[in-house]
């Protein structure tokens, strides 16, 4: 299953200057607990912010960049179609974790969204989730985290 996981501010911002524009320990813990044991796909810029592979997950970087050093638990794929074939070989979920271009590319292929609602507006944000990204999805659950965060769970509405 392809599951997008994201934290967004009130206007859909997800980044500023190539970084996450906030730090909430509760959201980081939720992300770690949710994605551990699964595969996480990200773009090159998101990969650069990590500095090393996420522990206990298959890290997939969708990039045409060739300078990524080989590492354990890291797979570099050059195109979306290669990533979309992976679920046929994986015994886990594929979590799409950004950035903006990766969310946009995967949008038609997402089965579920997990959205942490960050209760602020980031001035000068330069990366956003795609407009109307939840169109065709319905909210099926929510969860309160510490630090005033709410996580919404969305599933694709079958036509």
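The values are calculated or read from the model by the stated rules, or taken from the named source; none is laboratory data. Owing to the predicted nature of the structure, the values given are computational and were not obtained by experimental measurement. Here Cβ is always computed from backbone atoms with ideal geometry, including for glycine, and neighbour counts include all displayed protein chains.
Flag not set for residue 76, criterion: within 26 Å of residue 52 (Cβ to Cβ), in a strand (DSSP E or B) and in contact (Cβ under 8 Å) with a residue 60 or more places away in the chain.
Out of 86, 94, I need the residue that is closer than 13 Å to residue 2 by Cα, in contact with a strand residue (DSSP E or B) (Cβ under 9 Å, 6 or more places away or on another chain) and modelled with pLDDT under 95. Which one? Among 86, 94, only 86 is closer than 13 Å to residue 2 by Cα, in contact with a strand residue (DSSP E or B) (Cβ under 9 Å, 6 or more places away or on another chain) and modelled with pLDDT under 95.
Annotation note: Cβ proximity below 7 Å between a residue of segment 24-36 that is in contact (Cβ under 8 Å) with a residue 60 or more places away in the chain and at positive phi and a residue that is exposed (fewer than 12 other Cβ atoms within 10 Å of the Cβ) and not in a loop (DSSP other than H, G, I, E, B) (sequence gap 6+ or interchain) occurs for no pair.
For segment 130-140, the set of residues classified as on the phi < 0 side of the Ramachandran plot and modelled with pLDDT of 95 or more consists of 130, 133, 134, 135, 137, 138, 139, 140, listed by residue number.
In segment 127-148, what residues are surrounded by 16 or more Cβ atoms within 10 Å (Cβ to Cβ) and either closer than 16 Å to residue 29 by Cα or over 18 Å from the mean Cα position of the chain (by Cα) (or both)? Of everything in segment 127-148, just one residue is surrounded by 16 or more Cβ atoms within 10 Å (Cβ to Cβ) and either closer than 16 Å to residue 29 by Cα or over 18 Å from the mean Cα position of the chain (by Cα) (or both), namely 145. Here residue 47 passes the criteria (1) within 13 Å of the chain's Cα centre (by Cα); (2) over 24 Å from residue 134 (Cβ atoms); (3) not in a helix (DSSP H, G or I) except the one numbered (3). Checking the condition in a strand (DSSP E or B) and crowded, with 19+ Cβ neighbours inside 10 Å, which residue from 83, 61 passes? None of the other options fit; the residue is 61. Restricting 124, 152, 98 to residues that are under 23 Å from residue 44 (Cβ atoms) and surrounded by 15 or more Cβ atoms within 10 Å (Cβ to Cβ) narrows the list to 98. Among residues that are in contact with a strand residue (DSSP E or B) (Cβ under 6 Å, 6 or more places away or on another chain), under 28 Å from residue 122 (Cβ atoms) and surrounded by 16 or more Cβ atoms within 10 Å (Cβ to Cβ), residue 39 is not included. Of everything in segment 94-113, what is touching a helix residue (DSSP H, G or I) at 6+ places or on another chain (Cβ under 8 Å) and in a loop (DSSP other than H, G, I, E, B)? Give them in sequence order. Within segment 94-113, 97, 98, 99 meet the criteria. Filtered by the rule that a residue be within 19 Å of residue 99 (Cα to Cα), assigned to a loop (DSSP other than H, G, I, E, B) and either touching a residue at least 12 places away in the same chain (Cβ under 8 Å) or touching a strand residue (DSSP E or B) at 6+ places or on another chain (Cβ under 6 Å) (or both), segment 114-151 gives 118, 121, 122, 124, 125, 126, 129, 130, 131, 133, 134.
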